[in-house]
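See below for the structure under consideration.
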Amino acid sequence: MVVTGRAAAAAAVLGLLVALVLPSWLGVVTGTAALAFAVLVDVLALPRRDELTLHRAPITTVRLGREASVELAVTNTGGRPARGTLWDDWPDSARAADREHRLDLPAGTTTRLRTTLTPSYRGDREAGPVTVRLRGPIGLAGRQFRYAAPARVRALPAFRAEKLLRSAVKRLQHLEGRTVANRRGQGTEFDSFREYVAGDDVRAIDWRATARATDVLVRTWRPERNRHVVLLMDTGRQAAGRVGDGTRLDAAIEAALLLGGLAAAAGDTVDLLAFDREVRAEVRGVTGNKLQQRLLHATAGITAALVDTDCAALVRAAVRRSRRRSLMVLFTALDGAAVRENLLPVLPVLARRHRVLLVSVTDPEIAAAVAARGRDPYTAAAAEQVLAERAVVTEALRRGGYAVVAAGPERLPEALADEYLELKQSGTL
């Protein structure tokens with residue numbers, strides 16, 4: 001039970017009346033009894049706890065940086081009106097607004113209350129208990145109840161690179177429409193016949209089709225569809241490094257989502273494996289329109305673990321999950337010592353059967369420090385050393401036959417999409 005400020009004011013007025021009219025123990029007892037009776041009547045007029053039912057959707061999704069409205073349905077199943085205040089509790093990271101609501105619910109009715117959430121980072125937030133404080137008809141006292149209304153809001157990645165997806169798909173369609181040359185190459189499939197023209201490779205002539213036609217016909221080929229793309233995401237401690245406005249992991253997720261959408265549009269099967277020393281998230285065997293949502297939900301809860309990634313275990317997990325030749329896209333940091341000691345010894349195992357593409361986000365502040373060598377030469381020298389070490393590592397990887405895409409967080413998704421389209425066009429995917 002709770003007592004309102006109106007009860008305190010009524011007690012003060014009664015005390016004053018007793019002091020003026022009947023200044024005795026009898027007056028004090030009478031005034032106290034009258035106030036206690038009024039408070040009791042107020043409390044008994046309130047609905048019982050089980051006469052209020054609360055319900056809301058179990059999960060609400062929202063893109064990071066946007067607002068989501070979570071609806072709470074409150075039903076008064078009793079025969080007495082329910083008036084008071086309701087507090088909807090959410091974690092601070094959910095950034096809940098308008099969480100306090102006034103409740104005026106006649107008997108047998110339902111009201112819907114909305115709380116606006118703007119999560120500050122990816123992942124799930126569980127709703128806390130709902131506190132309801134009811135006031136009696138006189139307003140002297142009330143009762144407070146706490147209800148469990150399970151719900152959660154899932155903050156999906158912002159996926160700002162989605163604006164690039166439409167143009168990338170158009171480039172892909174244009175690429176497939178014009179086909180790739182008139183010769184057969186690795187990773188291509190038959191498209192159609194056309195008439196022979198001077199300069200065509202005679203090995204592309206289809207003699208059976210030519211025998212049935214009046215002209216010499218050659219085969220044309222296009223990039224093979226239904227390829228397999230595996231997105232390997234390093235979620236070790238290096239992924240927690242700050243780059244621009246986010247982390248390395250955030251930039252990798254943006255690039256992975258764009259590549260996944262583009263590969264799905266190309267008819268490829270896309271898998272996702274987030275790994276450090278154990279599997280953190282996984283998507284397998286998804287194609288078509290369902291892929292984008294699966295990737296968004298899978299990457300929503302990925303966080304960087306404060307451990308060094310077990311590269312050997314990562315490679316074993318990737319090989320175990322992909323029996324046929326695939327494009328392995330590994331999102332990781334290309335720091336010199338870590339690459340030489342952990343990654344380079346195990347990459348040949350992966351490259352023996354698959355095409356390997358390494359993707360790394362670069363820190364724009366390092367390039368800015370080099371450009372500002374006149375103002376801070378010592379910082380510029382350190383930044384140049386970092387860039388030189390990275391260049392050596394990148395060159396070593398490329399000499400080993402591994403493709404490397406390295407760019408800033410804003411440029412990385414587009415650079416990765418360009419590399420994928422280049423692999424499609426060249427037929428080397």
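The values are calculated or read from the model by the stated rules, or taken from the named source; none is laboratory data. Small disclaimer: the values here were computed from a predicted structure and weren't measured. Positions of Cβ are backbone-derived with ideal geometry, glycine not excepted, and every protein chain shown enters the neighbour counts. Heavy atoms of the whole protein, side chains included, go into the accessibility calculation; ligands, DNA and RNA do not. Shrake-Rupley method; radii C 1.70, N 1.55, O 1.52, S 1.80 Å.
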Review point. Going through region 121-149 one residue at a time, which ones are modelled with pLDDT of 90 or more, among the β-branched types (Val, Ile, Thr) and surrounded by fewer than 21 Cβ atoms within 10 Å (Cβ to Cβ)?
Key: Thr131
Exercise for review: From Arg146, Arg125, grab the single residue that is in contact with a Pro (Cβ under 6 Å, 6 or more places away or on another chain) and without any contact (Cβ under 8 Å) to a residue 24 or more places away in the chain.
Suggested key: Arg146
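Could you run through region 395-429 and say how many residues are part of a loop (DSSP other than H, G, I, E, B) and at negative phi? Walk me through how you get there before you give the answer.
First pass over region 395-429, keeping only residues part of a loop (DSSP other than H, G, I, E, B): 400-402, 408-411, 427-429.
Right, trim to at negative phi and you get 400, 402, 408-411, 428-429.
Residues flagged as part of a loop (DSSP other than H, G, I, E, B) and at negative phi within region 395-429 amount to 8.
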Check your understanding: Applying the selection to region 266-309, what residues are open to solvent by 20 Å² or more (accessible area, probe 1.4 Å) and either touching a Phe, Trp or Tyr at 6+ places or on another chain (Cβ under 8 Å) or of a type in the set (Phe, Trp, Tyr) (or both)?
Key -> Thr309
Point to revise | Test set (1) touching a residue at least 60 places away in the same chain (Cβ under 8 Å); (2) open to solvent by less than 10 Å² (accessible area, probe 1.4 Å); (3) of a type outside the set (Phe, Trp, Tyr) - Gly84 fails condition number | key: (1)
Revision key, fill the gap. Contact list, first residue from region 150-174 and on the phi < 0 side of the Ramachandran plot and surrounded by fewer than 16 Cβ atoms within 10 Å (Cβ to Cβ), second anywhere and modelled with pLDDT of 90 or more and in a strand (DSSP E or B), beta-carbon distance below 7 Å, six or more apart or interchain, is none
Exercise for review: Please tell me if Ala383 is in a helix (DSSP H, G or I) and either exposed (fewer than 14 other Cβ atoms within 10 Å of the Cβ) or at positive phi (or both).
Suggested key: no
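Given the criterion within 18 Å of Arg248 (Cα to Cα), open to solvent by 20 Å² or more (accessible area, probe 1.4 Å) and at pLDDT 90 or above, identify the matching residue among Glu419, Glu410. Full working, then the answer.
Values: Glu419 fails: within 18 Å of Arg248 (Cα to Cα).
Going through Glu419, Glu410 in turn, the sole match is Glu410.
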Check your understanding: Do any strands (runs of 3 or more DSSP E) lying entirely in region 233-349 carry at least 2 residues that are within 20 Å of Glu419 (Cβ to Cβ), modelled with pLDDT under 90 and out of contact with any Ser or Thr (no Cβ under 6 Å at 6 or more places or on another chain), and which ones are they?
Key -> none
**Study point:** The one condition in (1) open to solvent by 40 Å² or more (accessible area, probe 1.4 Å); (2) closer than 22 Å to Thr115 by Cβ that Thr75 fails to fulfil
**Key:** (1)
